[in-house]
Amino acid sequence: MENMQVCKNKNIKLTWYVTLGLFILFTIIGYNTGSNTLAKIKFTVVNYGFNEIFFNNSKIAIYNYIGIISFGSFNFFSLVTNGISLGSTLNSGIKEFGLYTSLLKFVPHAIFELPAMIISMSVGFLPIAILISKSKKNNCAKVKITYYLKYVVYSFIFVIFLDLIAAVVESSISMRF
């Protein structure tokens, strides 16, 4: 039975690591191409309130969870667009405001928002990890789907909680700098 728990966690961790790796890759690509892409766009700072930030982040999380149906294709699109957008924004922000001010604006809420994004995007890849695990014909093939359904529900609650904290921090602290 202990081996089953390892199999379950292995599939979940695999989706986290793949998602995080791809997100970092696309953020680097966005950062390196950001000066070319955003050079013609005037950089403006928009101060959104708590409601706009929270509902936008929660809406994206919901779309990422629905991405389970697409076996991660929507989530991959979300990874690409969010990673490149983040990289480009960081590039532009550092050029416009400097590294210190950009980090003050970004880091306080990103501590909560980025893990929420990574967790919600990784859930879309879970069906692929489960199918790969089941195709290997080992003890991992016997893992029950109810474990993963519980994980999806609990992780969704956790992601919404992280989005709530991120929205509070972004609307009240990050916008001051």
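General remarks:
- Matching residues in segment 64-88 - criterion: being in contact with a Leu (Cβ under 6 Å, 6 or more places away or on another chain) and among the hydrophobic types (A, V, I, L, M, F, W, C): L79
- Within segment 26-39, at least one residue is modelled with pLDDT of 90 or more, hydrophobic (A, V, I, L, M, F, W, C) and within 30 Å of S135 (Cα to Cα).
- Scanning segment 141-177 for residues that are assigned to a helix (DSSP H, G or I) and modelled with pLDDT under 80 yields A141, K142, I145, S174, M175, R176.
Matching residues to (1) under 19 Å from the mean Cα position of the chain (by Cα); (2) in contact (Cβ under 8 Å) with a residue 24 or more places away in the chain:
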{"residue": "F71", "(1), (2)": "yes, yes"}
{"residue": "I94", "(1), (2)": "no, no"}
{"residue": "V107", "(1), (2)": "yes, no"}
{"residue": "I119", "(1), (2)": "yes, yes"}
{"residue": "A129", "(1), (2)": "yes, yes"}
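The values are calculated or read from the model by the stated rules, or taken from the named source; none is laboratory data. Everything numeric in this text was worked out from a predicted model, so none of it was measured. Quick reminder, even Gly has a Cβ in these numbers, built from the backbone with ideal geometry, and neighbours come from all protein chains shown.
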